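The values are calculated or read from the model by the stated rules, or taken from the named source; none is laboratory data. Fair warning: this is a prediction, and the values are worked out from it, not measured in the lab. Cβ placement follows ideal geometry from the backbone for every residue including glycine, while neighbour counts extend to all protein chains displayed. Keep in mind that these areas ignore ligands, DNA and RNA; they rest on the heavy atoms of the full protein, side chains included. Shrake-Rupley method; radii C 1.70, N 1.55, O 1.52, S 1.80 Å.
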Amino acid sequence: MNPFPIDECCTDEDAQVWGDVLAQAATGELIGAMNYETLAELYPDAGEKAEALEHAAGERGHAALFRAAGRDLGIEVQANPEAQYWKRIRSAFLGRAQAGDLVDCIVAQEVMLESFAVASYEVVAAVAPGKLASTFGRIAAEEAEHVAHAIGILQAERARDPGFFDAGVHRMHEQVMTLLAEMIAREDPGGHCGLCRGNCVKASLPRVGLRLSNVRGASLRRYLKTLDEIGVPGESSLGWLAQLPV
């Protein structure tokens, strides 16, 4: 039986769509937790190490909240960091971590992944039923704090050598943002994501008021805004976005 009131989530079919959305969100949070744990190993400063571990714990808490939201819907949400897109994103992050590149890792996690999370969660919160909307909205606000944390650090890094910094951001853009764009493209270039219970949920999103184009548009706008605040020139970042898969 669906625990939500009838005016909040009307059908089992709706609940299945929300379950697939929650699976993506919960998996993304687990990837974030793993990335923050890796960041803690890279930070030379004890305070930053502790903050990264605190963020990691927060991401695991978010994943637990998303899974609990699924149980409220009568669905067991699977969170699987081995799902193909998320696994590839984690692999790209680890590649830079193994190279000892702290800045690249901050860009990947706190600019790209967190901007994507904040914007997409806000879109979901705007149309989701009661308690589910509150969960997505609250987590979006908490993730926005992570983005803000990165901006100050990266502004200082860019000031040291803008050309070198922008080249590094572009490198991470090609590796990480390309995968995020593939994930929310109209078609999955790599096939089934490995998280949706049946067929790809994208075609079913409109039945719960979601539009993939809205998720994509909001996510890219938030990402551009973050790059702009860091100081990356718009003529560069707009060109990068134009090359992303749609």
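Structure above, values below:
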item	result
Over the chain, equivalent-ellipsoid semi-axes from the Cα gyration tensor in Å	31, 19, 16
Sulfur and carbon atoms: percent of accessible area, region 179-246 [1.4 Å]	51
0 to 90° range, to nearest 10: angle between helix 12-42 axis and the chain longest Cα axis	20
Carbon and sulfur %, accessible surface of region 16-164 computed with the full protein complex present, 1.4 Å	54
Rounded to the nearest 20 debye, dipole of region 1-152 from Cβ charges on Lys, Arg, Asp, Glu	280
Segment VAL127-LYS49, extension gain: residue separation times 0.36 nm, minus the distance between their alpha carbons	24.4 nm
Acute angle (nearest 10 degrees) that the helix 46-72 long axis makes with the longest principal axis of the chain, alpha-carbon atoms	20
Per-pair calculated FRET efficiency, R0 = 25 Å: VAL246 and GLU142 via Cβ, rounded to 0.05	0.25
Per residue accessible area in Å² of the chain, where ligands, DNA and RNA are left out and the probe is 1.4 Å	43
Reference-scaled alpha-carbon Rg (2.2 N^0.38 Å with N residues) for region 146-209	1.63
In degrees, nearest ten, helix 84-98 long axis to first principal axis of the chain (Cα)	20
Separation in nanometres of the label points that stand 7 Å from Cα toward Cβ, at ALA99 and GLU174	1.0
Chain lengthening between SER134 and ARG71 when straightened (0.36 nm per residue, less Cα-Cα)	21.1 nm
Estimated vicinal HN-Hα couplings, Hz - region 202-213 in sequence order (Karplus 6.51, -1.76, 1.60; Gly, Pro = x)	3, 5, 9, 4, x, 5, 10, x, 9, 10, 4, 4
In order through region 132-144: 3J(HN,Hα) via Karplus (6.51 cos²θ - 1.76 cosθ + 1.60), integer Hz, x for Gly, Pro	5, 4, 4, 5, 5, x, 5, 5, 4, 5, 5, 5, 4
Vicinal HN-Hα couplings computed from phi for region 110-115 (Karplus, 6.51 cos²θ - 1.76 cosθ + 1.60; Hz; Gly/Pro x)	8, 9, 7, 5, 6, 4
